[in-house]
Amino acid sequence: MAIWDIKERYKKVRANESRGDTGLFMGGETPSYLNTIDFVTMSSAGDAADFGDLVSVKGRMPAGLSSSTRGIAAGGNTSPTRVATIDAFNMSSKGNAFDFGDLASVAQNSRGAGSNVIGFINLGDVSDSASNVINKIIFSSIGDAVDFGDLTAGIKNHAASSSPTRGVSGGGYGPGYSNVIDYITISTAGNATDFGDLTVARNSSDSASSLTRAVWGGGGDAGSNYNTIDYVTIASTGDASDFGDLTVARSEDAGASNNTRAIFGGGDGPSNVIDYITITSIGNASDFGDLTSSRTQSTACSNGHGGIDQDVIQRPSVTYMPGSGRGFYS
């Protein structure tokens with residue numbers, strides 16, 4: 001016989017402790033290309049530590065995405081060649097990545113996100129041309145990516161994040177610096193639809209999300225880098241609003257979240273700085289810590305982001321909880 005303490009489970013749900021809290025930064029350039037995977041515990045500020053290694057070095061922004069159990073780094077560049085390879089690893093235990101499959105074509109400067117079941121990858125830069133192709137994977141099924149649909153325009157560095165039902169992608173370059181935000185319904189393959197615009201057109205920012213809100217941090221254009229953080233409500237459509245500023249202006253950074261807190265790490269320079277914001281609280285970012293080394297054009301993912309609906313038991317009243325608090329089975 002086993003005993004499950006229901007009261008303890010309720011406490012964890014109320015405190016958001018049942019959600020994953022690991023953020024990973026993968027690959028990048030120093031300017032040498034890296035296979036490094038760093039990790040942080042997102043609810044606790046501090047410096048990153050070593051998690052393991054990618055299958056091979058990857059720079060030029062491979063697409064980072066994850067479920068609650070599996071992380072992905074898709075595409076990128078192994079110096080000097082674009083690749084289609086998809087690396088995967090288990091989020092719950094430190095260790096090296098393994099081969100998952102391939103994208104539909106070689107691609108660098110890509111971005112990805114998804115729900116807890118389906119991942120989508122905006123292919124980015126394919127054979128020197130900005131692509132509009134969106135690929136799809138099933139996190140639990142090792143194999144090659146398949147076609148999902150198309151973005152509204154060919155674009156690279158189109159930073160992406162998601163709720164459990166909708167993916168949003170904004171900014172990038174295609175040619176020209178873009179402020180366009182697209183959205184897709186994750187469960188239904190098809191082409192993207194226009195969502196609205198970012199507050200400023202920019203390339204090479206990154207995005208993170210809660211269940212309800214997406215944020216974009218950093219980015220740049222031909223003349224300057226930005227410290228701008230924008231946000232939208234994912235379930236609606238419309239233009240982004242100003243959220244606040246990063247601690248330093250930078251592009252080519254990498255972003256992830258644990259549904260409550262978003263982190264942005266690395267960037268051109270290269271930089272080792274990690275910033276954080278509380279997604280529900282509009283304001284400027286604060287210093288979180290440092291990556292294990294300075295890098296740019298890396299990617300990030302987490303096991304507790306806004307696309308992961310935990311599907312847990314209903315949150316109880318904070319003033320009344322009936323019963324003994326114990327459940328039994330035999």
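For Thr292, the residues 5 or more places off, or on other chains, whose built amide H falls under 5 Å of its own are Ala48. Spherically averaged projected area of the convex hull of Cα atoms, the chain: 16.7 nm².
Our Cα-only numbers for segment 95-175 put the radius of gyration and Dmax at 12.4, 39 Å. Residues whose amide H falls under 5 Å from that of Asn284, counting only those 5 or more places apart or on a different chain, are Asp245, with hydrogens built in the peptide plane.
Count the lysine pairs in the chain whose Cα atoms lie under 26 Å apart, taking only pairs 8 or more positions apart in sequence or on different chains.
Lysine pairs, 8 or more places apart or on different chains, close enough: 6.
By accessible area of protein heavy atoms, probe 1.4 Å, what ranking do Glu29, Glu252 get, highest first?
Glu252, Glu29
Taking amide hydrogens as placed 1.01 Å from N in the peptide plane, the amide H of Phe195 sits under 5 Å from those of Ile181, Asp182, Tyr183, each at least 5 positions away in sequence or on another chain. Going 7 Å from the Cα of Ala222 in the Cα-to-Cβ direction, what parts of segment 153-178 have a backbone nitrogen less than 12 Å from that spot? From segment 153-178, the list is 176-177. Available extension along the chain between Thr193 and Ser105 is 29.4 nm, counting 0.36 nm per residue and deducting the alpha carbon span.
The values are calculated or read from the model by the stated rules, or taken from the named source; none is laboratory data. Just so we're clear, the structure is a prediction, and the values are computed from it rather than from any experiment. All Cβ positions, even for glycine, are placed from backbone atoms using ideal geometry, and neighbour counts span all protein chains on display. Surface accessibility is based on the protein's heavy atoms, side chains included, excluding ligands, DNA and RNA. Shrake-Rupley method; radii C 1.70, N 1.55, O 1.52, S 1.80 Å.
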